[in-house]
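The structure appears right after this line, and notes come after that.
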Amino acid sequence: MTALTDLLLRSALSRGRLLAGVAAGLVLIGLGVVVLLAGGDAGDVRAVVRDVGTGLLVPLVAVVVGTSVLGDPAEDGTIAYLLTTPQPRLRIALPAFVATAVVAVPLTAVPVMAVLTVNGLPPGSVVAAGAGTAAAACAYGAVFLALGVLLRRALLVGLLYSAIWEGIVAGVADGLARLSIRAHGQTVTTWLDGATLTAGPVTGPTALLVLTGLTVGGLLATAGLLRRHVARS
Amino acid sequence: MNPPPAVVEVQEVSRWYGDVVALHRLSVAIGPGVTGLLGPNGAGKTSLIRILVGLMPADEGGVRILGRDPRRDVGVRGRIGYVPEAQALPGRVSAHRFVRALAIQHRMEDPDAAAASSLQVAGLDPEDSRAVHTYSKGMRQRVKIAAALVHGPAVLVLDEPLNGLDPQGRVQVMTLLERLGRMGVAVIVSSHVLHEVQRFAPRVLVLVQGRLAAEGSPRAIRALMDDRPARTRIRSDSARVLGAALLTAGAVTRVEVADDRTLVVDAAQPALLRDLLPVVARDAGAVLTEVTPLDEDLDSVFTYLVQRGLR
């Protein structure tokens, strides 16, 4: 981990945020245990992971971490210390993304994998779900990273986006799901699992490509926004 | 002797926020040594500083630092050190970890040594492992200065660096800035307190309402201030007699008797009033108990200067 990633990570990751992230993961695991105790089948477990894990936990954790890694420094002015160095802005955006991913991926993928493991799903399915969750967390993280530089109230906007677009609008039709990070994350999981329980709007490889594109795009957008950033009063 | 080459060139720079003009066609050249940037709140000092370090574009005009545009040319930012006015610092890290991370960003060969050295220069213990958020305001100010110095900048821009420092800290920072100036660093220090700046800045730029109201040595700026009309409250056991005597002597242009022991006088030349008052009071048999300038605040001084400049 670079010194800048470490610095951004320590600055963004307050004890409160970390505990909230861990608590949200524990809630997901708790739901998994409830499914187990209620005698639910693999389909029930996958539904919990899909709706609460990929659908809620991943965007929630990613928006809190992603918008704060550079959003907080932009807001309190400490971003000036980074922007007055001679580094290309991508060399600031990349460590910031790593800081986001280092937090968001474990806080989301681990609970998802734990739920599936507790319920006795095969290791292949567990790893597939972990990978799909990680890919979605990275895409969300990169997008929210850029949002944190762009907007003052990025957290609020990110939460509204997650709740309204990802949570409601994207579920209305397959066409709209093509524009949903959540749907692509679920498609990657399904594809890697080799199962066809949830038919996604696009093929698995395409979904992975879209998530990769969003991650890279978010990263480049962050660098571009840093280049044009104007100190806030 | 030729004047030192301009390290910082500000050419016709304007900047506005909506309808509010922060800087208006400002042009100035700054060479090595300490330059004080003086002005009341809202004069445009912070806007100018942010433009100088590349954190804000000028709406019109341009800035060159060592011949390069700090907004477009990221490389030249490696030659600039910046101490922002904002007190915020990354809180949950030690000062050394913070400054070291910046040293790495500045591509220093030995970031550990660079961080330790700049912390020491700023008067902090490099071994102190406490998180920065536990520091006092004065110590945070020193961390900011260490961060700005870690890469040995050719241009050091400080926005109100003496804020929050105790008297001893102020002296230390002023001495440090003076030393850096002597070493050939172009040090630009903003402040709204002339008597502080005049202790270490041989040249002062006075900014008012986004315009350059005056520039020169602190002594020259002080003289300009002394030349302006000023209102003074005088308390004496014989206020009426003293008021009449001051008018007769030509030391004041207007006298208002507030009560039996208090006068408020207007003087066109405060320096003349200062010289004549003790003599006039003695001759009139009046005992002075208080002499208080009523509009010595910088806003009124600066406003006078800019109005004078606009005439």
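For A:Ala3, indicate whether it is free of Cβ contacts under 8 Å to residues at least 12 places away in the same chain, of a type in the set (Gly, Ala, Ser) and under 30 Å from A:Ala93 (Cβ atoms).
Spelling it out, A:Ala3 is indeed free of Cβ contacts under 8 Å to residues at least 12 places away in the same chain, of a type in the set (Gly, Ala, Ser) and under 30 Å from A:Ala93 (Cβ atoms).
Condition first: in contact with a helix residue (DSSP H, G or I) (Cβ under 7 Å, 6 or more places away or on another chain) and either more than 7 Å from every other protein chain (Cβ to nearest Cβ) or in a strand (DSSP E or B) (or both). Now tell me which residues in the stretch B:77-90 satisfy that.
If the condition is that a residue be in contact with a helix residue (DSSP H, G or I) (Cβ under 7 Å, 6 or more places away or on another chain) and either more than 7 Å from every other protein chain (Cβ to nearest Cβ) or in a strand (DSSP E or B) (or both), then B:Gly81, B:Tyr82, B:Val83, B:Glu85, B:Gln87 are the ones that fit.
Would you check if there is a residue in the stretch B:167-182 being out of contact with any Cys (no Cβ under 9 Å at 6 or more places or on another chain) and in a strand (DSSP E or B)?
Checked the stretch B:167-182: no residue is out of contact with any Cys (no Cβ under 9 Å at 6 or more places or on another chain) and in a strand (DSSP E or B).
Only one residue in A:Ala170, A:Ala139 is in a helix (DSSP H, G or I) and closer than 29 Å to A:Val34 by Cα. Which one?
A:Ala170
Can you go through B:Val53, B:Val74 and tell me which one is free of Cβ contacts under 8 Å to residues at least 40 places away in the same chain, of a type in the set (Val, Ile, Thr) and within 9 Å of chain A (Cβ to nearest Cβ)?
Criteria check complete, one pass: B:Val74.
In the stretch B:140-161, which residues are buried (at least 21 other Cβ atoms within 10 Å of the Cβ) and among the hydrophobic types (A, V, I, L, M, F, W, C)?
Answer for the stretch B:140-161, where residues must be buried (at least 21 other Cβ atoms within 10 Å of the Cβ) and among the hydrophobic types (A, V, I, L, M, F, W, C): B:Val143, B:Ile145, B:Ala146, B:Ala147, B:Ala148, B:Leu149, B:Val150, B:Val155, B:Leu156, B:Val157, B:Leu158.
Which one is nearest to the other protein chains (Cβ to nearest Cβ) among residues in the stretch A:6-28 that are crowded, with 18+ Cβ neighbours inside 10 Å and over 22 Å from A:Leu94 (Cα atoms)?
Within the stretch A:6-28, the match that is nearest to the other protein chains (Cβ to nearest Cβ) is A:Gly21.
Kindly establish whether B:Thr262 is at pLDDT 90 or above, over 30 Å from B:Trp16 (Cβ atoms) and exposed (fewer than 15 other Cβ atoms within 10 Å of the Cβ).
Criteria not met by B:Thr262.
Quick check on my filter: what residues within the stretch B:133-187 are at pLDDT below 90, under 15 Å from the mean Cα position of the chain (by Cα) and closer than 22 Å to B:Gly91 by Cα?
B:Leu162, B:Asn163, B:Gly164, B:Leu165
Which one is nearest to B:Ala113 (Cα to Cα), of the residues in the stretch B:46-76 that are in a strand (DSSP E or B) and under 22 Å from the mean Cα position of the chain (by Cα)?
Among them, the one singled out is B:Ile65.
Quickly run through the stretch B:56-71 and pick out the residues that are in contact (Cβ under 8 Å) with a residue 60 or more places away in the chain and surrounded by fewer than 21 Cβ atoms within 10 Å (Cβ to Cβ).
If the condition is that a residue be in contact (Cβ under 8 Å) with a residue 60 or more places away in the chain and surrounded by fewer than 21 Cβ atoms within 10 Å (Cβ to Cβ), then B:Leu66 is the only one that fits.
How many residues are assigned to a helix (DSSP H, G or I) and free of Cβ contacts under 8 Å to residues at least 12 places away in the same chain if we restrict to the stretch B:123-134?
Matching residues across the stretch B:123-134 total 1.
How many residues does the stretch B:95-108 contain that are free of Cβ contacts under 8 Å to residues at least 40 places away in the same chain and either more than 10 Å from chain A (Cβ to nearest Cβ) or among the acidic types (Asp, Glu) (or both)?
Residues flagged as free of Cβ contacts under 8 Å to residues at least 40 places away in the same chain and either more than 10 Å from chain A (Cβ to nearest Cβ) or among the acidic types (Asp, Glu) (or both) within the stretch B:95-108 amount to 1.
List every residue pair whose Cβ atoms sit under 6 Å apart, with the two residues 6 or more apart in sequence or on different chains, where the first one lies in the stretch A:148-160 and is closer than 14 Å to A:Leu225 by Cα and the second, anywhere, is in a loop (DSSP other than H, G, I, E, B) and at pLDDT 90 or above.
Here the result reads A:Gly148/A:Leu70; A:Val149/A:Leu70, each pair linking the stretch A:148-160 to a residue that is in a loop (DSSP other than H, G, I, E, B) and at pLDDT 90 or above.
What is the residue count in the stretch B:109-122 for residues that are surrounded by 18 or more Cβ atoms within 10 Å (Cβ to Cβ) and either aliphatic (A, V, I, L, M) or in contact (Cβ under 8 Å) with a residue 40 or more places away in the chain (or both)?
Here the count works out to 5.
Touching a helix residue (DSSP H, G or I) at 6+ places or on another chain (Cβ under 6 Å), within 22 Å of B:Arg50 (Cα to Cα) and buried (at least 23 other Cβ atoms within 10 Å of the Cβ): is that true of B:Val197 in this structure?
For B:Val197, the condition - touching a helix residue (DSSP H, G or I) at 6+ places or on another chain (Cβ under 6 Å), within 22 Å of B:Arg50 (Cα to Cα) and buried (at least 23 other Cβ atoms within 10 Å of the Cβ) - is not met.
Yes/no matrix, rows are residues, columns are (1) within 19 Å of the chain's Cα centre (by Cα); (2) within 20 Å of B:Gly152 (Cα to Cα); (3) part of a strand (DSSP E or B):
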| residue | (1), (2), (3) |
| --- | --- |
| B:Val10 | yes, no, yes |
| B:Trp16 | no, no, yes |
| B:Asn41 | yes, no, no |
| B:Ile104 | no, yes, no |
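The values are calculated or read from the model by the stated rules, or taken from the named source; none is laboratory data. As the structure is a computational prediction, the values presented were derived from the model and not from experiment. Here the Cβ is made from the backbone with ideal geometry for all residues, glycine too, and neighbour counts use every protein chain on show.
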